[in-house]
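Read-outs: derived from the displayed coordinates by stated rules, not from any lab. Nothing here was measured: the structure is a model prediction, and the numbers come from that model. Cβ placement follows ideal geometry from the backbone for every residue including glycine, while neighbour counts extend to all protein chains displayed.
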Amino acid sequence: MFSNETNIYISLSVNLGMKSNKKDRPSPKKLRAWVIRKLFRQGYIGRRHCGIDDILRPLRHDERSRRIVKDKIIPELLKEEMLLSPHKDRYSINPRKMGEVKIVLKKYFPELINGIME
């Protein structure tokens, strides 16, 4: 049977559309879409916000992806104003940028948008 670490990586791989081989890492664009998807699916839009540890929890066994999300993707999304940061290390989707969020989600996760927002 698979170890717990392998199961988590395989489930993350399926969510990101990757192969289950640990050598195949998600691209920064897919990680960016994954962060937006995670916040969107959990309802972290506007005033409701999520801590960085909760965002990174599924990536806990992939240190490289954690660093990319924390050091590059989150600051990039904040600069583009797609994310809000009401408190230090807490983030939510900017409700004024929901149009751009839908475009990103449609591109990388069409099954999510087809059922929810048409």
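Summing Cβ point charges (Lys, Arg +1; Asp, Glu -1) relative to the Cα centre of the stretch 25-116 gives a dipole of roughly 100 debye. With K and R counted +1 and D and E -1, the other residues having a Cβ less than 14 Å from that of Lys70 yield a net charge of +3. Suppose the Debye formula is applied to equal point scatterers at every Cα of the stretch 37-118; what is log10 I(q)/I(0) at q = 0.17, 0.20, 0.24, 0.27 Å⁻¹? With one equal scatterer per Cα and no solvent, log10 I(q)/I(0) is -0.70, -0.96, -1.28, -1.41.
Segment His61..Glu100, full-extension length gain: 11.1 nm, with 0.36 nm per residue of separation and the alpha-carbon distance subtracted.
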